[in-house]
Amino acid sequence: MTYRINVNGVDHLVDVDSDTPLLWVLRDVLGMTGTKFGCGAALCGACTVHQDGSAIRSCVTPIDSVADSKITTIEAVGETPAGAKIQKAWLDLEVVQCGYCQSGQIMSAAALLASNPSPKDGDIDDAMAGNICRCGTYVRIREAIKHAAAAPAATGQKG
């Protein structure tokens, strides 16, 4: 079946089964490999993308459930004010170790900052729950979110 989906502001027609996970449409059909496969059961967060600004797990989201949504992936999150601040904070504080989980971590953190520009520790815990980092960079991730929240708004970014 053919589906029209909007990914990073661009409409795409994809011919896939209705139950095909969004993750595989992004990676295999559209060639956007920034979103990672981790567990396939929405438990690790590596596949996190935004659906209309909310963080979702693309490995368990069937393509037929996103037809009228705007999907944002790691490839374009830096064009949003929150995403730009999070990506800069990640670099400033050298969060990344191996990096495999980081696209999902950044996507969850950007969704948090977009909805809550001044998150407290509990807000960060709630938003980042389920994002697994095998390297254990959790302390740096928390500090980067706080750093991004304290940073002035980036200029010249798309909203």
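Details
- Yes/no for ALA67 being of a type outside the set (Phe, Trp, Tyr), out of contact with any Ser or Thr (no Cβ under 6 Å at 6 or more places or on another chain) and buried (at least 21 other Cβ atoms within 10 Å of the Cβ): no
- Neighbours by Cβ (under 9 Å, 6+ apart or cross-chain): first from region 1-27, outside the structural domain of ALA55 (by TED's automatic domain parsing) and in contact (Cβ under 8 Å) with a residue 12 or more places away in the chain; second of a type in the set (Lys, Arg) and not in a strand (DSSP E or B): none
- Restricting the search to strands (runs of 3 or more DSSP E) fully inside region 41-118 and requiring at least 1 residues that are basic (Lys, Arg) gives 54-57, 70-72.
- Against the list (1) small (Gly, Ala, Ser); (2) within 17 Å of THR48 (Cβ to Cβ); (3) in a helix (DSSP H, G or I), the condition GLY130 fails is (3).
- For region 1-25, a residue qualifies if it is aliphatic (A, V, I, L, M) and touching a Cys at 6+ places or on another chain (Cβ under 9 Å), and the qualifying residues are LEU22, LEU23.
- Hey, ALA67 touching a residue at least 60 places away in the same chain (Cβ under 8 Å), over 22 Å from GLN102 (Cβ atoms) and among the hydrophobic types (A, V, I, L, M, F, W, C) or not: yes
- Filter result (of a type in the set (D, E, K, R) and either surrounded by fewer than 17 Cβ atoms within 10 Å (Cβ to Cβ) or in a loop (DSSP other than H, G, I, E, B) (or both)) within region 23-37: ASP28, LYS36
- Residues satisfying the criterion are present in region 89-109 (criterion: surrounded by 14 or more Cβ atoms within 10 Å (Cβ to Cβ), closer than 19 Å to ARG57 by Cβ and aromatic (Phe, Trp, Tyr)).
The values are calculated or read from the model by the stated rules, or taken from the named source; none is laboratory data. Note that this is a predicted model, so its numbers are computed, not measured. Note: ideal-geometry Cβ built from the backbone for every residue, glycine included; neighbour counts use all protein chains shown.
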